[in-house]
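One structure is given here, and the rest of the page talks about it.
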Amino acid sequence: MERVGVFLCTGCDIGSSLRTDGLPELATSSGATHFAAHPCLCAPEGVASIRAAVDAGAIDGVVVAACSQRHKQAEFRFDPAAVQVERVALREQVAWTHAPGHEDTQALAEDLLRMGIVRARKMVPAQRRAEGVEQAVLVVGGGLAGLQAAQAAAGMGHPVVVVERSEGLGGHLARVREVVPDVPPYDRLQANPVPALARAVREDGRIRLLTGTRIVRIAGQPGQFTVEVEGPGGREELRAGAIVQATGARPYDASRLQHLGMGASPDVITSAELEPMLWRRELERPSDRQRPRRVVFVQCAGSRDEAHLGYCSSECCATSLRQVMAIHQDWPEVECAILYRDLRAPGQVEHFYRAVQEQSGVMLARGTVEGVVPSGAGLRVSVRDSLLGEKVEIDADLVVLATGMVPSSADGEAIRQLRDARSRVARNESETQRKAAEEVAAKLAHHDGTEILNLAYRQGPDLPVLEDGFPDSHYICFPYETRRTGIYAAGAVRAPMDPAQAAEDGWGAAMKATQIIAALGRGETVHPRSGDFACADFFLQRCTQCKRCTEECPFGSLDEDAKGTPQYNASRCRRCGICMGACPERIISYADYSVDAVAGMIKAIEVPDESEEKPRIVALLCENDAYPALDDAAARRAAWNPWVRVIPVRCLGSVNIVWIAESLSRGIDGVMLIGCKRGGDTQCHYVKGSELAHKRLENVQETLTRLSLEAERVRVVELARNETARIPALFDEFAQQLEELGANPLKGF
Ligand code: SF4
Ligand code: SF4
């Protein structure tokens, strides 16, 4: 911006901790055109003084030198199309955390002010996108979660299309008579709500049902999806603003459970195979069609087992309890036993568990099943009792394996290969085997073979998934999110869950779907940068088609033309800046965030020469977790090293290596990057950003060593949102380490 006004707040201890008399001149010499101080800038009169300068046309950029950007957002929000605002946190990073009146405190404040002015000067006005936004929600899958999502979205005023592959609605619950109770007293089976829900959806004029139909292709972006479907009437093209994927799960492949007797006798079946018998009210052993006298249920069949499914499938315990109760109701003379490692009965299911336990002829025993073998006319189950530590043998006429669930979106064969390859690696860590495992993992990541959504995206046809096939997302904060903006996962395809949770999921995903349609209508993106409307700008004349941005964007926002030039889909973009961090040509930027702006901030730091023995540290903090943790530390009046200059970044993945090079070449002694935890249970709000930053930094460290700069001068730290107390220690330890290393040898060049 050309006419930047600096507004200094002297309240909240800022005025008493600084010498403010020289700041107007500092602002002017840094390029600001206006300076004003106010004793309480967030008060109506303070805000009015800013607005008056904006309205008079005196300024088009505002530097609020006061509190953190996370506070007083409503007070300091102006139309970004007319004026850009930069916040300088003098309160948190200076007044509340450093010795008042000290020369180091003054130097810190002056640096922060210069940095803020430079950034404001490098901002440009943001343009709000105005494009047509389709209001319809597409729900893929007509099971419980999908039906609930459809009903919820329709109830919120959106037209809905449900696409279901099979001919009927309700998924596997469609042919279940009664379900686990969710109303008091929780001790008896209750009518299955799914048929009534399916009927209501069929009768709802706002919902169009397409059964026996599959998705051929989904192209476009949120707000403007074009969906090609193929059903009994041929092919058809639909439009949708957002998508809910509720395609459910399937039982784990029981043929792999030979150690539990599968295949050894026809009388070893799965809980899914028992279901039709209960539905028909014809309980019989497959071998002789006689009614069994004793049925043994084996829990965790394939679940919580690293050789099969590493996770708890969540609902198999409740399913076995339900099936036992159903058997007991219809055939009270049939004895039932449930053999479990841990019986999972969350919430009110605990009451139902007790009720089942109290039925005569029902036994629940804790232990690990070691084998199921044919014995005479029946079966013998060997179980190691985990309380007594003894091996116990139980005779049964029918054994029911409570198999786990595999998300419908997962390529089961790829998961099996991955697990097999992993266990080979564990046994003998040869390079070839490791590579084989990695190849399978890469295949799984690209989701070959399932193609439920058939997205016409450069990064592949389906949702990126985790190792076990569930969608990858920041599932702590945004549970329904996937790594495809505007596409939300609900029900068992998202995570193992029981019917009650699936119904709740349907609601949640429908709300997210309608939320993004509303946000796009305002031209805005969704969380974590809700309300942001400045899109990424690609200066493609200088693009070398290196494809780093198209490959690294976690949200599949970028497609490519035939030459490999990125094609930006603004509504898929979450404004994380990861492409900006990736681009070696530095040609990706935003109105209020760019490689040039942050590089300018680094240049604005005054670096004392070696003789002063006052190192300088640039700390790039992720604005999602690390920066809020820093604010919290300040609110508790923690004190930290005054040599640190904090720059908030959208994500560690948005850090362009050039910022580190710029810092070190200017004589800054060390650069610290603090971001979210990475890995399978990632806390990175952009899922891949933290992981990418670590990978990129590995290359930087090699370069530093080649330049005879110690690799220790750049440090990446993972920090959780609640690790507030770690922040001061992290800064202090790093400063101490830099002192021990000595001054950056490039200082003064
Ligand atoms: S800002 Fe993030 S989401 Fe948008 S294109 Fe770049 S990497 Fe993708
Ligand atoms: S990273 Fe930069 S240079 Fe490479 S393809 Fe993307 S825009 Fe072009």
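The values are calculated or read from the model by the stated rules, or taken from the named source; none is laboratory data. Here the structure is a predicted model, which means the values were calculated and not measured. In this analysis, Cβ positions are derived from the backbone assuming ideal geometry, glycine residues included, and neighbour counts consider all displayed protein chains. Areas reflect the complete protein model, heavy atoms only, side chains present, ligands, DNA and RNA absent. Shrake-Rupley method; radii C 1.70, N 1.55, O 1.52, S 1.80 Å.
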Inset, instruction - Read phi for every residue in segment 213-220 and hand back ³J(HN,Hα) as whole Hz from Karplus 6.51 cos²θ - 1.76 cosθ + 1.60, θ = phi - 60°, with x for Gly and Pro. - result: 10, 10, 7, 8, 6, 10, 10, x
Legend entry - Three-way shape label, segment 615-749, alpha-carbon gyration tensor, a/c 1.5: oblate
Inset, instruction - Kindly state, to the nearest 0.05, the FRET efficiency for Lys435 paired with Arg235, given R0 = 45 Å and r defined as their beta-carbon distance. - result: 0.60
Inset, instruction - Only bridges with both residues in the chain count here: give the DSSP antiparallel percent, nearest 5. - result: 35
Inset, instruction - Mind putting a number on the dipole of the chain about its Cα centre? Charges go on the C-beta only, +1 for Lys and Arg and -1 for Asp and Glu, and I need it in Debye to the nearest 20. - result: 1100
Inset, instruction - Note down the relative contact order for segment 438-582 as a percent, whole number, built from C-alpha pairs under 8 angstrom at least six residues apart. - result: 18
Inset, instruction - Starting from the Cα of Thr368, step 7 Å along the direction of its Cβ; do the same at Glu393; then give the gap between the two resulting points in nm. - result: 2.1
Inset, instruction - Starting from segment 538-569, pick out the trypsin sites (Lys or Arg not before Pro) whose DSSP state is loop and whose Cβ has at most 11 other Cβ atoms within 10 Å. - result: Lys563
Legend entry - Residue among Gln515, Ala490, Cys477 farthest towards the positive dipole end of segment 457-525, charges placed on Cβ: Gln515
Inset, instruction - Assuming a ≥ b ≥ c are the square roots of the Cα gyration tensor eigenvalues, decide whether segment 130-266 counts as rounded (a/c under 1.5), prolate (otherwise, with a/b larger than b/c) or oblate. - result: oblate
Inset, instruction - Grab the beta carbon distance between Ala635 and Ala99, set R0 = 22 Å, and tell me the FRET efficiency rounded to 0.05. - result: 0.80
Legend entry - Cα centroid separation, segment 112-189 to segment 551-600 (Å): 27
Inset, instruction - Quote the FRET efficiency, to the nearest 0.05, computed for Arg199 versus Met156 with a Förster distance R0 of 30 Å and r equal to the Cβ-Cβ distance. - result: 0.90
Inset, instruction - Enter the accessible area of Lys747 (Å², nearest 10), with the probe set to 1.4 Å and all protein chains included. - result: 30
Legend entry - Long pairs among Lys563/Lys603; Lys547/Lys603; Lys391/Lys677; Lys603/Lys677, criterion Cα-Cα beyond 32 Å: Lys563/Lys603; Lys391/Lys677
Inset, instruction - Determine the relative contact order of segment 166-276: mean sequence separation of Cα pairs under 8 Å and six or more apart, normalised by residue count, in whole percent. - result: 16
Legend entry - Shape category assigned to segment 269-312 from the gyration tensor of Cα positions, a/c cut at 1.5: prolate
Legend entry - lysines with Cα under 20 Å of Lys435, excluding same-chain neighbours fewer than 8 positions away: Lys443, Lys695
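Helix by helix, which DSSP H runs in the chain go 24 Å or more along their axis at the Cα atoms and have an average Kyte-Doolittle hydropathy of 0.0 or more?
499-521
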Inset, instruction - Answer with one residue from Pro648, Ser265, Ala53: the one whose Cα lies farthest towards the positive end of the charge dipole of the chain, charges on Cβ with Lys, Arg +1 and Asp, Glu -1. - result: Ser265
Inset, instruction - Report the one residue of Cys622, Gln541, Gly310 whose Cα lies farthest in the direction of the positive end of the charge dipole of the chain (charges on C-beta: Lys and Arg +1, Asp and Glu -1; origin at the Cα centre). - result: Gln541
Inset, instruction - Divide by every residue of the chain the summed helix terms, -39500 (n - 2.57) for each DSSP H run of at least 4, and state the resulting mean residue ellipticity at 222 nm, rounded to the nearest 500 deg cm²/dmol. - result: -9500 deg cm²/dmol
Legend entry - Percent RCO, i.e. relative contact order, over the chain, from Cα pairs under 8 Å lying at least 6 residues apart: 12
